[in-house]
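Here the structure comes first, spelled out in structure tokens, and everything after it is commentary.
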Amino acid sequence: MGKRITIIQGHPDPDPARYGQALASAYARGAEEAEHDVKVVHVAALEFPLLRRADDWQAGTAPEAIRQAQAQIAWADHLVIFFPLWLGDMPALLKGFLEQVLRPGFAFAKASPGRPWKKLLKGKSARLVVTMGMPAFFYRVFYRSHSVKSLQRNILAFCGVDPVRITLIGMIEAAKEEARGVWLAKMSALGREAR
């Protein structure tokens, strides 16, 4: 029996010609060929406000688009988040989406006093696929993948998502067609394996 996979396309530009879109499509095709069930959340297509107050995040009502995304995340065994590295971090739209989606009561909950938070997304795994203009090796060694590790450890792991694997794809603007084809094939293989 296949896995249930939700792909979160976090590129803020919905243009299907973006390479990040091609990577996500290759992953989805590979997963579907291996008979996994796949759903896709296109963050750029969703209407939601940015959160501005802690009260809105803790007790406010999530917009309908966010509730639908939460349902797709809750349904999944495995999450795959695609995004470009912008100014050393995820794009603001994706961060705003995660702040809306990963609310108390959905992603985590208070336990009894003196106890740690309950991780409500336990049992799910994830992969982060991050494209960037710099060499991936440089980002990994010089910047120590700080923003991606923060998403991995401080956000997803806090909610119970584990393991979270990371794929960094560098030099995206300079990549020749052959190199892009190699990455598309790798994404398809990861989709087949649901990893």
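The values are calculated or read from the model by the stated rules, or taken from the named source; none is laboratory data. Since the model is a prediction, treat every value here as computed from it, not as a measurement. With ideal geometry, Cβ positions are generated from the backbone for all residues, glycine too; neighbour counts draw on all protein chains shown.
Overview of results
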| item | result |
| --- | --- |
| Entirely in the range 54-102, the helices (runs of 4 or more DSSP H) that have 2 or more residues that are farther than 20 Å from residue 4 by Cα and within 14 Å of the chain's Cα centre (by Cα) | 92-101 |
| Top-ranked residue of the range 38-47 - restricted to ones that are outside any strand (DSSP E or B) and touching a residue at least 24 places away in the same chain (Cβ under 8 Å), ranked as surrounded by the fewest Cβ atoms within 10 Å (Cβ to Cβ) | 45 |
| Test result for residue 23, modelled with pLDDT under 95 and either touching a Gly at 6+ places or on another chain (Cβ under 7 Å) or within 24 Å of residue 152 (Cβ to Cβ) (or both) | no |
| Failed condition for residue 121, given (1) touching a strand residue (DSSP E or B) at 6+ places or on another chain (Cβ under 6 Å); (2) not in a helix (DSSP H, G or I) | (1) |
| Residue pairs meeting the criteria (Cβ under 8 Å; at least 6 apart or on separate chains; first surrounded by fewer than 20 Cβ atoms within 10 Å (Cβ to Cβ), in the range 17-37; second modelled with pLDDT under 95 and not in a loop (DSSP other than H, G, I, E, B)) | 19/180; 22/180 |
| Positions within the range 7-43 being closer than 22 Å to residue 106 by Cβ and of a type outside the set (Val, Ile, Thr), in sequence order | 9, 10, 37, 39, 42 |
| Residue 8 vs. criteria crowded, with 19+ Cβ neighbours inside 10 Å and either part of a helix (DSSP H, G or I) or free of Cβ contacts under 8 Å to residues at least 24 places away in the same chain (or both) | no |
| Of all residues making up the range 147-173, the number that are of a type outside the set (A, V, I, L, M) and more than 16 Å from the chain's Cα centre (by Cα) | 2 |
